[in-house]
1. Once the Cα atoms of the range 1-99 are picked out, what are the Rg and Dmax in Å?
2. Could you tell me the ratio Rg/Rh of the range 155-202? Both radii from Cα atoms, Rh via Kirkwood.
3. Mind ranking 170-179, 268-277 by how tightly packed they are, going by the mean number of other C-beta atoms within 10 angstrom, highest first?
4. Can you grab the distance from the C-alpha centre of the range 206-275 to the C-alpha centre of the range 313-348, Å, no decimals?
5. Using R₀ = 35 Å, calculate the FRET efficiency as 1/(1 + (r/R₀)^6) where r is the Cβ-Cβ separation of residue 115 and residue 208; round to 0.05.
6. Note the angle between two axes, namely the Cα long axis of helix 159-169 and the longest principal axis of the Cα atoms of the chain, as a number of degrees from 0 to 90, rounded to the nearest 10.
7. Rounded to the nearest 0.05, what FRET efficiency is calculated for residue 222 and residue 32 with R0 set to 51 Å and r the Cβ-Cβ distance?
8. What is the range 245-307's relative contact order, in percent, from Cα pairs under 8 angstrom and six or more apart in sequence?
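Rule-based calculations on the coordinates, nothing more; no lab input. No experiment lies behind these values; they were computed from the predicted model shown. Reconstructed Cβ throughout: ideal geometry from the backbone, glycine too, with neighbour counts over all protein chains shown.
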């Protein structure tokens, strides 16, 4: 069960702009000390009143903290709260000094005046027509942020997701969510299909929505790619997607036709020999993977007949030597890969996690270092390059 807490933001101690994670100090009525609150916030401002739901915890270094799960903003009600709110930099054109002048003139009606009668700001010394208009526009922008947050909260979207969504789409958040919430799975870091689907269902999208069928099929293909597959058998994709989505087969088939027409996937008929190995006669690719495969294959073929420097190596002696150096016993296929690495122009090694690919790379590197060969290690991402370098002790790049 979650606890409730309401208070005024005194200051922002820590903030990560990318996801809205913040640590703030909140003044709560009835408490002498400021309360430390942590969570994901969108555009939180000193002076702002927050009504929050969350849980209490105790940190060994920082003491009692309140972890926010959901929150809503409440316009500050006191003159001091309004002054701090306006003077925080929230509205372009109003700093602490100008905020003091405005609040002194309008008191507790300040926010109502800015919202409903912004032309009255010209009654303040130092605010002309142009500046009053700029303040009005900035205030309207902030209202739009609040409207987005109210919409997201009203559809049970967590503060963490709301912050990420608004960070990515800004003022377009409502339009994107109403048009196609499944875009979240492709656009917003940390929100996958399952989370996007939950949001979409809360927004009223049906189980057999065409957008849901398309997103589900793409999700299954991406999951296959994450497991090392550049494509998936057509019927396997259908089975996995139908199990995930629980929709009629015809809806999914129509979704694949649309994805094909939008050039987001490729469906390829396989020759009989490839189909026998693959288990089906049709393969489905995410388009970038199909493009990569069709570009890489001819380049590998061009490399195969190219001449290479032949080293006078005794492969039979090289294998025992490298096994002794690494203190490992290579499996038959691993041993064959090491031998062929010494003679073949191109060698492709593939396998799932834990099948010994890293050990093979270390063995091949050791042999080429022994014979002063020039080696370059490369990986598709910075993280993968770092892991490769750590595993082999050899510099790797992207």
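1. Considering the range 1-99 through its Cα atoms, Rg and Dmax are 13.5, 43 Å.
2. 0.89
3. 170-179, 268-277
4. Using only Cα atoms to place each centre, the spacing works out to 40 Å.
5. 0.20
6. Rounded to the nearest ten degrees, it is 80.
7. Numbers: r = 52 Å, r/R0 = 1.02.
Efficiency, rounded to the nearest 0.05: 0.45.
8. Relative contact order here is 24 percent.
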